[in-house]
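Q: This is the structure I have questions about; it appears just below.
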Amino acid sequence: MLVPLQVIDGFLLNVNLGDALLIGFVLGLGAVAIKKSQRLLTLHVALFGALLLMGPGGLYEPAELSLLNSITQYKIIGLVLLIVSPVLYATADS
């Protein structure tokens with residue numbers, strides 16, 4: 001019988017940090033959508049953008065089940081998220 005920790009470990013061995021962050025970002029969007037707060041969405045987008053942009057490039061090396069093909073693509077997604085987050089904040093209702 002598999003223990004849940006073994007399932008998570010088996011998944012993380014086949015992907016890199018960027019993939020885990022992207023999956024966490026998408027799952028977190030679901031949690032943020034429940035709150036219906038655009039400012040919380042802005043914080044979520046900015047946090048994951050910073051994590052993707054500032055993470056060490058060696059942890060983004062493509063693995064067996066990687067979503068993207070190069071380190072640069074993860075960094076560009078992080079940069080785009082950081083650029084979009086202030087726009088979301090400025091358009092948020094008070």
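Q: What's the exposure ranking of 22, 59, going from fewest to most Cβ atoms within 10 Å? Walk me through the numbers on the way to the answer.
A: Details: 22 18, 59 13.
By the 10 Å Cβ count, ascending: 59, 22.
Q: Can you sort 60, 89, 74 from fewest to most other Cβ atoms within 10 Å of each residue's own Cβ? Provide the component values of the computation, followed by the final result.
A: Working: 60 23, 89 15, 74 26.
Result, fewest neighbours first: 89, 60, 74.
Q: So if I restrict to the alpha-carbon atoms in the range 38-94, what is the Rg, and what is Dmax, the biggest pairwise distance, in Å?
A: 13.1, 44
Q: Can you find, among 83, 70, 16, the residue sitting farthest towards the positive end of the charge dipole of the chain, where Lys and Arg contribute +1 and Asp and Glu -1 at Cβ?
A: About the Cα centre, the residue reaching furthest to the positive side is 83.
Q: What list of ³J(HN,Hα) values in whole Hz, one per residue of the range 36-46 in order, does the Karplus curve 6.51 cos²θ - 1.76 cosθ + 1.60 (θ = phi - 60°) give from phi, with Gly and Pro shown as x?
A: Ordered by residue, 3J(HN,Hα) equals 6, 10, 6, 5, 5, 4, 4, 4, 4, 5, 5 Hz.
Q: Work out from phi, with θ = phi - 60° and the Karplus expression 6.51 cos²θ - 1.76 cosθ + 1.60, the ³J(HN,Hα) of each residue of the range 13-22, listed in order in whole Hz, and give x for Gly and Pro.
A: After applying 6.51 cos²θ - 1.76 cosθ + 1.60, I find 6, 9, 10, 9, 4, x, 5, 5, 5, 5 Hz.
Q: Just rank 81, 68, 52, fewest to most, by other beta-carbon atoms within 10 angstrom. Don't skip to the end; give the middle numbers.
A: Details: 81 21, 68 16, 52 24.
Neighbour counts put them in this order, fewest first: 68, 81, 52.
Q: Got the relative contact order for the range 38-94 handy, in percent, Cα pairs under 8 Å and 6 or more residues apart?
A: Working: 54 pairs, mean separation 29.9, N = 57.
Relative contact order of the range 38-94: 53 percent.
Q: Now for a separate question. Can you tell me the dipole magnitude for the chain around its Cα centre, using point charges on the Cβ only (Lys, Arg +1; Asp, Glu -1), in Debye to the nearest 20?
A: Details: 4 positive and 5 negative charges, 81 e Å.
Charge dipole, the chain, about its Cα centre: 380 debye, nearest 20.
Q: Residue 48: net charge of surrounding residues, Cβ under 15 Å, Lys/Arg +1, Asp/Glu -1, itself excluded? Please list the in-between numbers first.
A: On the way: positive: 75; negative: 19.
Charge balance near residue 48 sits at 0.
Q: Calculated from DSSP H runs of 4 or more alone, at -39500 (n - 2.57) each and per residue, what is the 222 nm mean residue ellipticity of the chain, nearest 500?
A: Values: 4 runs with 67 residues, N = 94.
One gets -24000 deg cm²/dmol as the mean residue ellipticity at 222 nm.
Coordinate-derived values only; no laboratory data. Keep in mind that this is a model prediction, so the values were computed, not measured. A quick note on method: Cβ atoms are made from the backbone with ideal geometry, for glycine too, and the neighbour counts reach across all protein chains shown.
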